[in-house]
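Asks: One structure is given below, represented as structure tokens, and several questions about it will come after.
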Amino acid sequence: MQLLALHGPNLNLLGTREPGLYGSSSLEQINAELRSRATQLGASVDCFQSNHEGALVDRIHLGRGAVDGILINAGAYTHTSIAIRDALLAVEIPYVELHLSNTHAREPFRHHSTLADRAVGVICGFGATSYQLALEGLVQHLRRAAGR
Ligand code: CA2
């Protein structure tokens with residue numbers, strides 16, 4: 001099972017600022033934990049971060065036919081990007097949307113997601129653990145869908 005973890009803008013700064021909001025783990029630590037847990041679950045995960053919307057769209061396109069499922073924290077693009085939504089729907093790869101913070105407990109403009117209504121599921125508010133929960137949920141969903 002091949003998975004792709006996508007991290008959107010500013011998430012490369014994790015662990016350096018705003019620990020009260022986003023926790024103290026760096027993105028590299030989060031990626032390492034994802035890879036480790038994925039291996040335990042019999043899956044493999046590629047990780048990609050970009051501050052650029054088009055680069056995220058390009059990476060989603062590359063996943064077509066090669067990736068079974070996507071974990072996506074699109075950062076602020078979650079609330080604005082029709083291009084990322086269209087890319088995810090175009091490649092027809094099941095995805096889980098996740099966030100470190102509870103976006104529903106924050107400013108109203110963070111309550112809307114362009115991705116959530118077509119996601120397998122949405123996880124938010126658990127800090128770095130959101131990634132682990134999203135991984136578990138996605139793997140279980142893909143196994144069930146494959147009849148395994
Ligand atoms: O809670 C999340 O995971 C978010 O996707 C984070 C985004 C925010 O725009 C979304 O509404 C919710 C912001 C990521 C900013 O990351 C930083 C990390 C460290 C220091 C500063 C920003």
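A short reminder: the numbers here are calculations on the coordinates, not readings from a lab. Bear in mind the structure is a predicted one, so any value in this text is a computation, not a measurement. Every residue, glycine among them, receives a Cβ derived from its backbone with ideal geometry; neighbour counts consider all protein chains shown.
Asks: Quick check: net charge around ARG59, other residues with Cβ under 13 Å of its Cβ, Lys/Arg +1 and Asp/Glu -1?
Replies: Result for the local shell: -2.
Asks: By counting other Cβ atoms within 10 Å of each Cβ, how are THR39, THR80, THR103 ranked from fewest to most?
Replies: The order, fewest Cβ neighbours first, is THR39, THR80, THR103.
Asks: Below 8 Å between Cα atoms, with a sequence gap of 6+, how large is the relative contact order for the stretch 85-148 in percent?
Replies: This gives 37 percent for the stretch 85-148.
Asks: Less than 11 Å Cβ to Cβ from ALA119, Lys/Arg counted +1 and Asp/Glu -1: what total charge do the surrounding residues give?
Replies: In short, 0.
Asks: About its Cα centre, what dipole magnitude does the chain give when the only charges are +1 on Lys and Arg Cβ and -1 on Asp and Glu Cβ, stated in debye to the nearest 20? Please report the intermediate quantities before stating the final value.
Replies: Working: 12 positive and 13 negative charges, 57 e Å.
It works out to roughly 280 debye.
Asks: Still on this structure, please answer the following. Lys and Arg at +1, Asp and Glu at -1: add these up for the other residues within a Cβ distance under 11 Å of GLN2 and post the number.
Replies: Net charge in that neighbourhood comes out at -2.
Asks: A further question on this structure: For the stretch 72-88, in order, what is each residue's ³J(HN,Hα) by Karplus, 6.51 cos²θ - 1.76 cosθ + 1.60 with θ = phi - 60°, in whole Hz (x at glycine and Pro)?
Replies: 9, 10, 7, x, 5, 5, 3, 8, 10, 8, 6, 5, 5, 4, 4, 5, 4
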